[in-house]
Every structure is written in structure tokens, then in C-alpha cells.
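A.B. asks: Before anything else, here's the structure in question.
The values are calculated or read from the model by the stated rules, or taken from the named source; none is laboratory data. Model, not experiment: these values are computed from the prediction. Cβ placement follows ideal geometry from the backbone for every residue including glycine, while neighbour counts extend to all protein chains displayed. Surface accessibility is based on the protein's heavy atoms, side chains included, excluding ligands, DNA and RNA. Shrake-Rupley method; radii C 1.70, N 1.55, O 1.52, S 1.80 Å.
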Amino acid sequence: MSKKVISALIMIIALSVMVNIYVNGNMLSILNAQSAPVFTIPKGAKVVLGQYDNREVVWDIGNNDNNGSYVLMSSKPITTMGTYDSSVPLATTAPSLSIRENYCLKFSNRTDYVIMYCPVAPLRSEIARITTNVNENTIITKVPFLPSISDVRTGGILGLSLNDRAYKTSSYWLEGYITAPTYSAGAYADMYNNAVQRSKTTGISSYDYVDMATGGAISRNEKIVWVDSKAWTNNGGSIINNPLRPFTLIDKNKVVFSANTSYTDGEWHGYQIDVANLNENNELNPNKLRIESSLTASLQDIKNESKTKSISKIIKNGSIDLYVNANTGTNNKISVILYNEAGTEISHYRMLENTRGGTNHYIVDLNNIAVGKYQVAVINEEYDASSNLPVESSAISNLMPLEIVEPHKLTYTKTPQSGATAGDYEFSKNVNAGQAVGEVTASPIGVTPLTYTLESNGDNSYQNFEIDGLDANGASSNTPLNVKIKSGAPDLVDGGLKAGEYKFCITAVDANGDPVDTSGNPTEKVCTSFTVEKTNPTIAFDDPSTTKKSIADAATAWNETATATPSTGTKITYSITGGDVSLISI
């Protein structure tokens, strides 16, 4: 094998190793993630689906798990109508059920009252005018319909209770007919009429009704009763109109997310779904549905804003960089979802920017998000500002942990060592090399480790000091830390700081490099100054035993050495006082 081939092979192996290192690093981030929980819209929420007379329809969710479907009931009636037809002649015998399905027939077996048999076909026809688009059709498991007695009654097909289904203040039409049991010597036994669901607050008759289709009794507590299409009596009558409230079913497994229709403004929103207005006959706080599609989104990594390292902590009001792999569709955007620490409840939502194909980073500021532990996910969703109808979406991505903490705050405390008698710091007494002059404390401590720097506070005297306990990168996770005098400091004299004023500042950035200004300079700083006082020198003779002489001994001259401490770098003036000073010279 030639040298050229060998070299090429080595290069290929090296390249392969580098690729594997990158991929494995990415895989580590993904392995540290967890799957997002299955999203479920709570009962009582309002969603938007379909249009009636070019108006988007808002629906209440009456049951959020009916055999895998959401049960939707229009939040407000689409219209108010009756079914009476004045052209239908009076019948002398009760018409068959099949005839009643298509015609409004009057039947009388009494002298004072005419019974009205009216069809539900006009009600169905009106509901059929609700239109849905292609996206909506993929999730609808039952097209908008007129609900029957069997659908809505407690224990019925749709799994609704009275509180789930009844408007608080108005009635609505049901599909089906109701009769009454024998009552008042059989006076009402043969009277059959249309069915309605009364409101929660409406009083009803003191007897139970019977579902004509099944023959089963309907408890008065259901508030499902009969209504004439026209209150026809010998004295005339009026046409009876009732609200028309369509129902529909949608596949809950294909609804991957939903949020308040106002949440698409690009700002952070404290996520909540209003369930307080169930059956209030209003359309307050509807939610926009996100429907499962071919769009994809995977959260690969969370990095600090400078994109230098993967992180799981960030300071309050800081910024993070989300690395997301996604595909593109028609006018779709990446949005971020914050869950609680357990990853079970959505805390915040924010729509970000246009989706870019492949793996890209998206900068997200966390302004006004409270301190705490969260799980982060993303979603790739279609954006349509002109409508609140459902849009296409990816599934909610995997979750990755993120903790928001208070930023670190520095304080400095002077801690002079003992020994000084002139002020807090005194030359040669407590400012010797290695001694501490103070301590710097981080509280809160923020995202550790913190990287500290000693800086000038107007002169170069800061060069005499160092922060104790830092690693080779100038960082530490401990607090407080001592500030001490350097060994070999430029202003040392005889091992101690000479008298004078000393000043310095301390800055610190956290493990993510925060906080810094626009030029990259640390913004968390504490400054101090202190004075090293002069010290009074002491004088000591080298041989104190010879400082006294007898007259005889003093006849012979001798020398005595007196040493001043401190002396180096200090001008000392000597003088002789007391005794026989005339006999002594310096």
C-alpha cells in the first residue's frame, strides 16, 4: 500500500471519529430528554371548528373522552327556529312516525286542543349548512348533527350529564319525540311532541316523560321535555321557536395541541384553558386546534445564547438557544412550550419565528418567566392570522429540563486580620503576604461555577490582591471567597503592604457567561477601597544587658546597636533622651 493511500485512509478514519463524536454528543442531549405527555383538552374548554353563514363556529367540549373522541356542542345556538308548517291539514287520527319525520301534521282527538306532529328534518337541514375544510375533515368522526335523546341523556351514547350538556339559561332542540305516561285519567297519554333539552334553571312538569323511539322513561331530572311546534288551542296560538344547537365529534388523538386564539402574537403567555364558561351561551376564550400532519419537530439541545455549551440552567430574564430539527410546510412557525418540572402540565407558550428546514437554532428570551424548574418542548405549527380555524401541526417534541434561577449578586465585606492598632489595616501588623483583607460573597449564587476577575478601581493597586480558592480558569462554585494579598505583590515592603490607599473591583460571570453588556463586559461588579496605616516603629538593642555600665566600666568606650522595626523603606530619625546623654553619641 502506498504512502498516499495510507494517508488517505488515516484521514477517513479521523473524519469518521470526528463525526461520531458530534453525533454521539447530540445523542447524549436527546437521551437526556423525555417524551411529552399526551395532550388533552379539558372538558368545558371552547374550540373553533367549521363555519356557519361565513362565521366561525365556537364549540364547548362536553366530554373530552368519548371512545377516543371529543364531544363538541356549539357554545351558542347557530340560530333560533321552529318547524311548524301552517299548510299541513288537520288529521283525525294519529299519523305514523314515518309521516311525522317529513311533515308537520296536526292531530286532534280532543275538543279543546290540537296536537302538533312536527318533523326534525328542517333542523337537520339547517345544521348541514355548517361547512368544514380539508384539515378539519381529517379529525371529524361524526359530522355536525342534531343530538338525539339517546345521545344526550345521562348514561347515553355521548356520556354527558345534565351539567355537561344543558345551557344555563336557554333550551335547545333535540332529535326525537316525547310522549307522556298516563296522567289525569289518560288525558295526556296519546300526546306526542318534539323534544328539547331545557336549561339548568328551568322548572319542569312534575312527571316523567317517555322517549317515543325507545319507550324508555326519562326522569324529570334530565330536563328533557316535549314542546309543541305551535301552541294550538281553540283560542289560536303562536309558533314555537327554540335555539338550534349542533353537536359534532372529533378524534382526540389527532388533536396534538390547542391554545387560546390570542396566543399567536409572539409574546410569552401563561398557558391556561378557560373551562369556566361551559354552557354559558357565550364564545369567550376559544382555543385554536393544532391537527396532526406531516410536520415534524425535535428538540436537539439547549445552549447558552453565545452557543458555546449545552445548559440546563439560566438566569432569570436571560436568553437561551434552542437547537431544533424540523421540516417546512406552508407558512409554519416554531413555537416553544414550557411545562412544569414534572413535565405534566403546560406552564407557558410562545410562538417564535418562521420554521427553517433541518437543524437550526432559535434564540428565546425568557423575560418575565418566573424562577423555577421547567421542561422545554417545541412544536412546528402552521400560522394563519386571518382565521381561528384549526391548523396543521407537528406533534409536541421531546422535553428537556431547564431551571431558571435568580442571577448572582456580589457583595464585598472587609475582614481585617487581628493585630492592627492604627485603623483596620496597619503596615507590618495584618497586611502581610497571604493574609486576607476581605471576602466576596455571591448571594444568590446563580448558575455556578462563577468566574471572577479582579479589576482596577482607578489605579494599579488591585495588582496586589487575588481571590483565594479559584480553579485554573478563575472559577469557583463556593461562596464566600477570601481576597488575600499576593505573594510577591508589587507594593510589599518587608513582606507587608506599605502604607497607603488600595482599591480594586471584583466582577463575576456565571457558567453561561452572564450577565454581560453589549460589548461583552461583565455587568455584575462590586468595588472597594481601604487604607493601610503607618505603624509606629519599635527600637530594640541587640544586647540589652550592656545598656548599663558602671563608672569604672564606662571609662572604656563601647558600642551598642539599636535596631528599629520596621526599617526597610522607612525614614527613621533617632535621638537620645534622659540620663547622661552628654556621654553618648549616635
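A.B. asks: Among N304, N287, which is of a type in the set (S, T, N, Q), at pLDDT below 95 and either within 25 Å of N367 (Cβ to Cβ) or over 21 Å from the mean Cα position of the chain (by Cα) (or both)?
C.D. replies: N304
A.B. asks: On to the next question. Look at segment 310-322 and say how many of its residues are buried (at least 18 other Cβ atoms within 10 Å of the Cβ) and either without any contact (Cβ under 8 Å) to a residue 24 or more places away in the chain or outside any strand (DSSP E or B) (or both).
C.D. replies: Counting residues in segment 310-322 that are buried (at least 18 other Cβ atoms within 10 Å of the Cβ) and either without any contact (Cβ under 8 Å) to a residue 24 or more places away in the chain or outside any strand (DSSP E or B) (or both) gives 2.
A.B. asks: Continuing with this model, one more query. Find the residue count for segment 153-206, including only residues that are at pLDDT 75 or above and part of a strand (DSSP E or B).
C.D. replies: Final tally of qualifying residues: 13.
A.B. asks: Still on this structure, I have one more. Applying the selection to segment 518-534, what residues are among the polar types (S, T, N, Q) and more than 21 Å from N460 (Cβ to Cβ)?
C.D. replies: Correct list: T518, S519, T523.
A.B. asks: Any residue at all in segment 485-499 that is under 26 Å from E524 (Cα atoms), under 37 Å from the mean Cα position of the chain (by Cα) and touching a residue at least 40 places away in the same chain (Cβ under 8 Å)?
C.D. replies: Checked against the condition, which is being under 26 Å from E524 (Cα atoms), under 37 Å from the mean Cα position of the chain (by Cα) and touching a residue at least 40 places away in the same chain (Cβ under 8 Å), segment 485-499 yields no hits at all.
A.B. asks: Of the numbered conditions (1) among the aliphatic types (A, V, I, L, M); (2) modelled with pLDDT of 95 or more; (3) open to solvent by less than 40 Å² (accessible area, probe 1.4 Å); (4) out of contact with any helix residue (DSSP H, G or I) (no Cβ under 8 Å at 6 or more places or on another chain), A128 fails exactly one; give the number of that condition.
C.D. replies: (3)
A.B. asks: Give the residues of segment 329-350 that are assigned to a loop (DSSP other than H, G, I, E, B) and under 14 Å from I379 (Cβ atoms), sorted by residue number.
C.D. replies: G329, the sole residue that qualifies.
A.B. asks: Here are the criteria: (1) open to solvent by less than 10 Å² (accessible area, probe 1.4 Å); (2) at negative phi; (3) not charged (D, E, K, R). Tell me which single one I346 does not satisfy.
C.D. replies: (1)
A.B. asks: Would you pick out the residues in segment 260-300 that are of a type in the set (A, V, I, L, M) and in a strand (DSSP E or B)?
C.D. replies: Across segment 260-300, the qualifying residues are L289, I291, A297, L299.
A.B. asks: Also: Which of the residues spanning segment 561-570 are open to solvent by 60 Å² or more (accessible area, probe 1.4 Å), at pLDDT 65 or above and assigned to a loop (DSSP other than H, G, I, E, B)?
C.D. replies: T561
A.B. asks: Okay, moving on. Suppose we filter segment 351-364 for residues that are surrounded by 14 or more Cβ atoms within 10 Å (Cβ to Cβ) and assigned to a strand (DSSP E or B); how many remain?
C.D. replies: Qualifying residue count for the region: 6.
A.B. asks: Of the residues N367, N340, N325, N380, only one is open to solvent by 10 Å² or more (accessible area, probe 1.4 Å) and more than 15 Å from the chain's Cα centre (by Cα); which?
C.D. replies: N325
A.B. asks: Find the residue count for segment 224-259, including only residues that are part of a strand (DSSP E or B), polar (S, T, N, Q) and at pLDDT 95 or above.
C.D. replies: Total meeting the criteria: 2.
A.B. asks: Right, next: If you take the residues in segment 417-433 that are at pLDDT 95 or above and open to solvent by 50 Å² or more (accessible area, probe 1.4 Å), which one is nearest to K534 (Cα to Cα)?
C.D. replies: Once the filter is applied, the top-ranked residue is D424.
A.B. asks: Report whether or not K307 is touching a His at 6+ places or on another chain (Cβ under 7 Å) and either touching a residue at least 60 places away in the same chain (Cβ under 8 Å) or over 22 Å from A36 (Cα atoms) (or both).
C.D. replies: The answer is yes for K307.
A.B. asks: Continuing with this model, one more query. Take segment 383-416 and flag every residue that is open to solvent by less than 50 Å² (accessible area, probe 1.4 Å), within 30 Å of F504 (Cβ to Cβ), part of a strand (DSSP E or B) and of a type outside the set (S, T, Y).
C.D. replies: Residues satisfying the conditions are V405, L410.
A.B. asks: Let me ask something else about it. Test V509 against the criterion of being buried (at least 18 other Cβ atoms within 10 Å of the Cβ) and either within 37 Å of the chain's Cα centre (by Cα) or in contact (Cβ under 8 Å) with a residue 40 or more places away in the chain (or both), and give yes or no.
C.D. replies: In short, yes.
A.B. asks: Give the residue, chosen from V58, V48, V71, that is open to solvent by less than 20 Å² (accessible area, probe 1.4 Å), farther than 17 Å from T131 by Cα and in a strand (DSSP E or B).
C.D. replies: Just one listed residue meets the conditions, V71.
A.B. asks: Please find, within segment 55-82, the residue that is farthest from L158 (Cα to Cα) out of those that are under 30 Å from the mean Cα position of the chain (by Cα) and among the hydroxyl-bearing types (S, T, Y).
C.D. replies: Among those that are under 30 Å from the mean Cα position of the chain (by Cα) and among the hydroxyl-bearing types (S, T, Y), it is S75.
A.B. asks: Anything in segment 41-81 that is aliphatic (A, V, I, L, M) and within 19 Å of V256 (Cα to Cα)? List them, or say none.
C.D. replies: I41, A45, V47, V48, L49, V58, I61, V71, L72
A.B. asks: Follow-up question, since we're still on this one. Of the conditions (1) surrounded by fewer than 18 Cβ atoms within 10 Å (Cβ to Cβ); (2) within 21 Å of E501 (Cβ to Cβ); (3) touching a residue at least 40 places away in the same chain (Cβ under 8 Å), Q463 clears all except one; give me its number.
C.D. replies: Among (1) surrounded by fewer than 18 Cβ atoms within 10 Å (Cβ to Cβ); (2) within 21 Å of E501 (Cβ to Cβ); (3) touching a residue at least 40 places away in the same chain (Cβ under 8 Å), the lone unmet condition for Q463 is (3).
A.B. asks: How many residues are within 22 Å of the chain's Cα centre (by Cα) and of a type in the set (S, T, N, Q) if we restrict to segment 264-284?
C.D. replies: Going through segment 264-284 one residue at a time, the tally reaches 2.
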